[in-house]
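The values are calculated or read from the model by the stated rules, or taken from the named source; none is laboratory data. None of these values were measured; they are calculated from a predicted model. So basically every Cβ, Gly included, is an ideal-geometry build from the backbone, and we count neighbours across all protein chains shown.
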């Protein structure tokens, strides 16, 4: 178990998540992709912490990542609910007013 | 942790702890059956656990069309295993199998697993009634989990540590139940909640043909039901180091006191099942968020103030 | 040695479960595959000697996935298990982007000369972390608090379809409130 190993695994998780976030049409599935990306970030941060600078300050960063994940999920579910109520849909392609 | 005075027991004792947990679950089932029999005006019920288990073991295993067998089995088996994970951090007097510095969080993780496990058991059967039961449990979970978490926070604040050994050590003079009764009561509500027990059993209620249990048969049903009782026992046992002073008490050795206190809490929980009605998930949602949560947050605040003022 | 083996086993589980999320055709399986991936990463964080954060990750994510499963069942209009269909768009671009991202990140991880570790793991990390967020790094937590509150408010505003006028009437005087599902306290 080295820093490189942890980072490669984290990169793999991030890449799989990126694929999901880009390719899925259903909002909830897109969220799952995002979660998986954050999962990778979390693992990478934990690896950096142990192998580079193991002091408690670094742990705060991981707490922030976890908090970001919570916010992402709460807002994602709220938007999905709204989208479903207004459009009777759960597809990202049906909600593109903001696309340029 | 050396400073908490806990002695880590050899791995071989894990077997003893597991057997003890099963024995206490056996006691709980027997007590429940005896009380049920007495309520009906008949005597007996003493052999209920054996006869029930034997009947389920002889039963033929049913399955449903297009059941998601993998998730179904994961749900049932997980219910059975969970309680054993909790017991690993419960000290028996001075001895404990493991005393991580995050023991309380460990307990919390295992009890949150129940959310997934009950829902998976409901989902796996591919049956409407089962799934409705699973949803009912999740609705209950949303209401009891947050108060339960804040109730777990109170002893941790008072001890200044998330380790179970430190929490026991901090109750040297005064048991936590004395000055955090609200947290203790809310904790017991949470225990009945994650055991799908008593008032929190609408997920298994008769009006939806047994809910999560509807399609469970034979060994699957035995494992799930046993898991509920094991969780009830583990929850009762965890209240001892958390609120009831761990193994402290006169004459008897520490481990015996832990057992006595566990059985006492367990007996009260089993006895209460007959006194409390089922609570509907939609009703309890508001009770959980409007009554229990503020009450236990105020309790945490009081505990913090007492700790900060050095009382 | 044993930690190394455990780490790689968990790594395989985490990534395989992550792939499974987008491959399996059952909503429940997809959701709980993601939960499994999170549990594997949580245990890896435990292996990286961060007890509190590893457990918190598992705790949060199992709860979140239990809720996520409900949303999946609620919003997926069709059941892919009954009607196999492809719910994806721009698959080639997505695969390209993700492979590119992996190659970039992994080569970075392997090629960058990482600095030497400085400092040592604190004796009682959980306690040190607690003191840190209640002491020097309190500002972070103080900011996170309002962010969470804002999230709750925004989430409710977006998701709720009934306002207080629906509940209490136009003059806000109706008691008890007119709710489709009356709660236990009878407000």
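Candidates B:103, B:76, B:82: the one that is within 15 Å of the chain's Cα centre (by Cα) and more than 9 Å from chain C (Cβ to nearest Cβ) is B:82.
With respect to the conditions (1) touching a helix residue (DSSP H, G or I) at 6+ places or on another chain (Cβ under 7 Å); (2) surrounded by fewer than 20 Cβ atoms within 10 Å (Cβ to Cβ); (3) under 25 Å from residue B:17 (Cβ atoms), residue B:50 lacks only one, and its number is (1). Residues in segment A:71-89 that are part of a helix (DSSP H, G or I) and more than 7 Å from chain C (Cβ to nearest Cβ) were compared, and the one that is nearest to residue C:147 (Cα to Cα) is A:72. Would you confirm, using the coordinates I've provided, whether residue C:182 is closer than 30 Å to residue A:3 by Cα and part of a loop (DSSP other than H, G, I, E, B)? Considered against the rule, which asks whether it is closer than 30 Å to residue A:3 by Cα and part of a loop (DSSP other than H, G, I, E, B), residue C:182 comes out as no.
The sole residue among A:58, A:47 that is in contact with a helix residue (DSSP H, G or I) (Cβ under 9 Å, 6 or more places away or on another chain), within 20 Å of residue C:50 (Cβ to Cβ), surrounded by 17 or more Cβ atoms within 10 Å (Cβ to Cβ) and within 7 Å of chain C (Cβ to nearest Cβ) is A:47. A single entry from B:115, B:123, B:106 fulfils the requirement of being free of Cβ contacts under 8 Å to residues at least 24 places away in the same chain and assigned to a helix (DSSP H, G or I): B:106. Checking B:62, B:43, B:55 one by one, the residue that is in contact with a helix residue (DSSP H, G or I) (Cβ under 8 Å, 6 or more places away or on another chain), surrounded by 11 or more Cβ atoms within 10 Å (Cβ to Cβ) and either modelled with pLDDT of 80 or more or not in a helix (DSSP H, G or I) (or both) is B:62 and no other. Among the conditions (1) in contact with a helix residue (DSSP H, G or I) (Cβ under 6 Å, 6 or more places away or on another chain); (2) at the interface with chain C (Cβ under 7 Å from one of its Cβ atoms); (3) crowded, with 22+ Cβ neighbours inside 10 Å, the only one that residue A:3 does not satisfy is (3). If you scan segment B:191-215, which residues turn out to be assigned to a loop (DSSP other than H, G, I, E, B), closer than 18 Å to residue B:32 by Cβ and more than 12 Å from the chain's Cα centre (by Cα)? Those that are assigned to a loop (DSSP other than H, G, I, E, B), closer than 18 Å to residue B:32 by Cβ and more than 12 Å from the chain's Cα centre (by Cα): B:205, B:210. Residues of segment B:8-21 that are surrounded by fewer than 17 Cβ atoms within 10 Å (Cβ to Cβ) and assigned to a helix (DSSP H, G or I): B:13, B:14, B:15, B:16, B:18, B:19. Every condition in (1) within 7 Å of chain A (Cβ to nearest Cβ); (2) modelled with pLDDT of 90 or more; (3) within 23 Å of residue C:95 (Cβ to Cβ) holds for residue C:12 except the one numbered (1). Filtering B:237, B:267 for residues that are away from every other protein chain (no Cβ under 14 Å), under 22 Å from residue B:26 (Cα atoms) and crowded, with 17+ Cβ neighbours inside 10 Å leaves a single hit, B:237.
Looking across segment C:114-147 at every residue that is loosely packed, with under 13 Cβ neighbours inside 10 Å and at the interface with chain A (Cβ under 7 Å from one of its Cβ atoms), the one that is modelled with the highest pLDDT is identified as C:115. In segment C:156-175, is there at least one residue being more than 8 Å from every other protein chain (Cβ to nearest Cβ) and under 23 Å from residue A:64 (Cβ atoms)? Looking through segment C:156-175, none of the residues is more than 8 Å from every other protein chain (Cβ to nearest Cβ) and under 23 Å from residue A:64 (Cβ atoms). Here residue A:30 clears all of (1) within 7 Å of another protein chain (Cβ to nearest Cβ); (2) surrounded by fewer than 23 Cβ atoms within 10 Å (Cβ to Cβ) except the condition numbered (1).
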